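In what follows, a single structure is set out as structure tokens and then discussed.
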Amino acid sequence: MIALDHHPTGRHFLQIPGPSPVPDRILRAMSLPTIDHRGPEFAALGLKVLAGLRQVFQTRHPVVVYPASGTGAWEAALANTLSPGDAVLMYETGHFASLWKKMAERLGLQPEFLAKAGTDADTGLPLAWRHGVQADMLAERLRRDREHAIKAVCVVHNETSTGVTSDIAAVRRAIDDAGHPALLLVDTISGLASADYRHDEWGVDVTISGSQKGLMLPPGISFNAVSPKALAASRQARLPKSFWAWDEIIEMNRGGYWPYTPNTNLLYGLSESLDMLLGQGLPAVFARHRRWGEGVRAAVRAWGLPIQCADAAVYSPVLTGVVTPAGVDADALRRLIHERFDLSLGTGLGRIKGRMFRIGHLGDCNDLTLMAALSGVEMGLKLSGIALAGSGVQAAMDFFSAHPQPVPLADAA
Ligand code: PLP
């Protein structure tokens with residue numbers, strides 16, 4: 001237990017936007033003995049989690065589970081649906097959209113990266129990293145593609161590097177308004193089971209997600225929800241695929257099994273997580289995260305610091321990006337807070353590294369966990385000599401007191 005030795009007393013505060021803190025109930029479920037993955041008990045577990053996942057993705061169609069991190073499920077989505085040299089339209093919302101584009105290039109696809117141009121006058125940060133997908137830009141580009149060379153549109157629903165969400169229903173409308181047949185591939189690795197997400201209703205062809213965020217599991221499994229159109233495309237697609245290929249997995253899943261050794265103990269955890277989420281009801285889960293986001297943003301506003309997301313219509317319910325004043329190294333601030341208060345905050349990534357930090361409000365949290373995290377941040381900001389407009393801790397206390405938790409705490413346990 002090397003890494004844990006330095007925590008002297010109490011719990012570490014893991015307030016990064018995933019991996020999120022795992023509830024004890026899930027950790028206990030994962031500690032059950034590993035069973036035969038070809039045996040009868042396993043099939044019951046397999047069928048249960050596959051049915052529950054369909055509810056969480058809000059789909060009637062198959063959800064494929066991989067023993068891989070989210071990056072694997074990104075690759076699976078591209079490899080199953082596309083062929084070498086295919087043009088794909090991607091949209092720059094932040095670091096994860098940029099990494100997915102890099103992957104598309106490495107796989108031999110031809111991604112085109114749209115982005116909101118320019119930098120912000122206040123902060124000097126790229127506008128593309130402060131706003132969500134501009135669906136009208138996608139529609140305009142697709143209308144010009146009269147030959148239908150573009151085979152897929154790829155967007156990130158909850159951009160974890162910035163705390164900005166995108167309106168996926170609007171992206172669907174943009175594709176339809178342009179009369180374009182491209183597939184719609186959506187990464188909701190950090191949005192699923194925290195932010196509202198509707199695979200079928202929004203007409204998404206492949207939804208990519210992972211275990212370590214809203215599902216409150218450790219990292220290690222990831223998902224592709226697959227529409228009938230995507231499944232049909234996978235039969236023609238020529239990018240090499242074997243481990244990621246949907247056909248054999250979906251076939252064996254019918255009986256509750258996988259063609260390879262699945263991640264048994266993570267599936268125990270997933271089964272428990274699904275009981276918790278579906279037992280509480282998805283609307284309550286979404287409301288809980290929205291409320292936490294509002295409380296944290298009340299604190300950031302009171303400090304007088306800019307929120308990375310510049311558009312109030314698309315604030316993430318999962319995390320809040322906080323921009324530090326010019327000349328303040330956000331990573332030095334994070335280090336100080338970690339050393340002094342045993343609190344982990346998310347680092348700035350890619351083009352905004354050092355300019356901001358991220359507060360996760362997901363997983364096994366409650367109002368007081370968040371209050372403690374905000375106290376750590378406020379102390380750290382003051383210790384770093386940053387002049388604050390006021391107390392964010394007081395503002396968040398006021399917010400949480402004035403807006404009671406919509407679900408009784410006992411039910412959320
Ligand atoms: N996409 C998004 C939006 C993410 O937040 C992450 C990870 O944080 C990834 C992709 C990559 O997933 P992983 O690190 O599990 O491979």
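The values are calculated or read from the model by the stated rules, or taken from the named source; none is laboratory data. Model, not experiment: these values are computed from the prediction. Counting neighbours? That spans all protein chains shown, and the Cβs are built from the backbone with ideal geometry, glycine included. All accessible areas refer to the heavy atoms of the entire protein, side chains included, with ligands and DNA or RNA removed. Shrake-Rupley method; radii C 1.70, N 1.55, O 1.52, S 1.80 Å.
Let me know the shape class of the stretch 32-263, please: from the alpha-carbon gyration tensor, a ≥ b ≥ c as square roots of the eigenvalues, rounded when a/c is under 1.5, otherwise prolate if a/b is greater than b/c, or oblate.
prolate
Of Gly124, Ile189, Ala139, which is farthest along the charge dipole of the stretch 115-195 in the positive direction, counting Lys and Arg as +1 and Asp and Glu as -1 at C-beta?
Checked the options; the winner is Ala139.
Within the chain, what percent of beta bridges assigned by DSSP are antiparallel, to the nearest 5?
Beta bridges within the chain, antiparallel portion: roughly 50 percent.
Say the cut-off is 23 Å between C-alpha atoms; which of Lys116/Lys382; Lys213/Lys241; Lys101/Lys151; Lys102/Lys229; Lys102/Lys353; Lys116/Lys353 go over it?
Going by Cα-Cα distance, Lys116/Lys382; Lys213/Lys241; Lys102/Lys229 fall outside the 23 Å limit.
Amide H neighbours of Met356 under 5 Å, at least 5 residues apart or on other chains, H built in the peptide plane: list them.
Those lying under 5 Å, H to H, from Met356 are Thr324, Ala330, Gly348.
So what are the ³J(HN,Hα) numbers for the stretch 28-41, from phi and the Karplus equation (6.51, -1.76, 1.60; θ = phi - 60°), rounded to whole Hz, Gly and Pro as x?
5, 4, 6, 8, 5, x, 5, 10, 5, 6, 10, x, x, 4
What do you reckon, how do Tyr315, Tyr197 stack up by accessible area (1.4 Å probe), largest on top?
Listed by decreasing accessible area, they come as Tyr315, Tyr197.
Using only the Cα atoms of the chain, build the gyration tensor, take square roots of its eigenvalues as a ≥ b ≥ c, and label the shape rounded, prolate or oblate: rounded if a/c is under 1.5, else prolate if a/b is larger than b/c, else oblate.
Oblate.
For the charge dipole of the stretch 236-296, defined by +1 on Lys and Arg C-beta atoms and -1 on Asp and Glu C-beta atoms about the Cα centroid, which residue among Leu266, Ala245, Leu282 has the Cα displaced farthest towards the positive pole?
The residue sitting farthest along the positive end of the dipole is Leu282.
Let me spell out the model: positive unit charges on the Cβ of Lys and Arg, negative unit charges on the Cβ of Asp and Glu, origin at the Cα centre of the chain. What dipole size does that give, in debye rounded to 20?
About 320 debye.
Can you tell me the length gained on complete extension of the stretch Thr261 to Ala170, counting 0.36 nm per residue apart and subtracting the Cα distance?
28.9 nm
Using the Karplus equation 6.51 cos²θ - 1.76 cosθ + 1.60 (θ = phi - 60°), what ³J(HN,Hα) coupling, rounded to whole Hz, does each residue of the stretch 233-244 give in order, writing x for Gly and Pro?
Once θ is set to phi - 60°, the couplings for the stretch 233-244 become 4, 5, 6, 9, 5, 10, 5, x, 8, 9, 4, 7 Hz.
What's the longest bit of the chain with no exposed trypsin sites (Lys or Arg not before Pro), using DSSP loop states and at most 16 other Cβ atoms within 10 Å as the test?
Here the longest segment lacking exposed loop sites spans 255-352.
Give, as a single signed number, the net charge of other residues whose beta carbon lies under 14 Å from the beta carbon of Ala104, with Lys and Arg counted +1 and Asp and Glu -1.
Value of the local net charge: -2.
Could you list the GluC sites (Glu not before Pro) in the stretch 131-232 that lie in coil according to DSSP, counting only those with at most 15 other Cβ atoms within 10 Å of their Cβ?
Glu147, Glu201
In what sequence, largest accessible area first, do Leu368, Leu14, Leu381, Leu282 appear using a 1.4 Å probe?
Leu368, Leu14, Leu282, Leu381
Counting DSSP beta bridges in the stretch 153-299, what percent are antiparallel, to the nearest 5?
Approximately 50 percent, going by the DSSP bridge assignments.
What are the residues whose amide H is under 5 Å from the amide H of Gln15, where those residues sit 5 or more places off or on another chain and H is modelled from the backbone?
Close amide H contacts, sequence-distant or interchain: Ser344.
Taking the Cα centre as origin and putting +1 on Lys and Arg beta-carbons and -1 on Asp and Glu beta-carbons, what dipole magnitude results for the stretch 5-72, to the nearest 20 debye?
The calculated dipole for the stretch 5-72 is roughly 280 debye.
If I compute solvent accessible area with a 1.4 Å probe over the protein chains, what percent of it on the chain is carbon and sulfur?
The value for the chain is 54 percent carbon and sulfur by accessible area.
With runs of 4+ DSSP H residues as the only contributors, calculate the mean residue ellipticity of the chain at 222 nm using -39,500 (n - 2.57) per run, divided by the residue total and rounded to the nearest 500.
That comes out to -12500 deg cm²/dmol.
Just to be sure I understand: of the beta bridges DSSP finds with both ends in the stretch 32-263, what percent are antiparallel, rounded to 5?
40
In sequence order, what are the phi-derived ³J(HN,Hα) couplings for the stretch 337-343 according to the Karplus relation 6.51 cos²θ - 1.76 cosθ + 1.60 with θ = phi - 60°, rounded to whole Hz, with x for glycine and proline?
For the stretch 337-343, the Karplus curve yields 5, 5, 5, 7, 10, 6, 10 Hz.
5 Å is the cut-off here: which amide hydrogens, built 1.01 Å from N in the peptide plane, fall below it relative to Val64, excluding neighbours closer than 5 in sequence?
Counting only residues 5 or more places away or on other chains, the set is Asn224, Ala225, Val226.
Given the options Gly360, Gly321, Gly255, which has the most mean-square fluctuation in a GNM of the chain, springs set between C-alpha atoms less than 10 angstrom apart?
Greatest mean-square fluctuation among the candidates belongs to Gly255.
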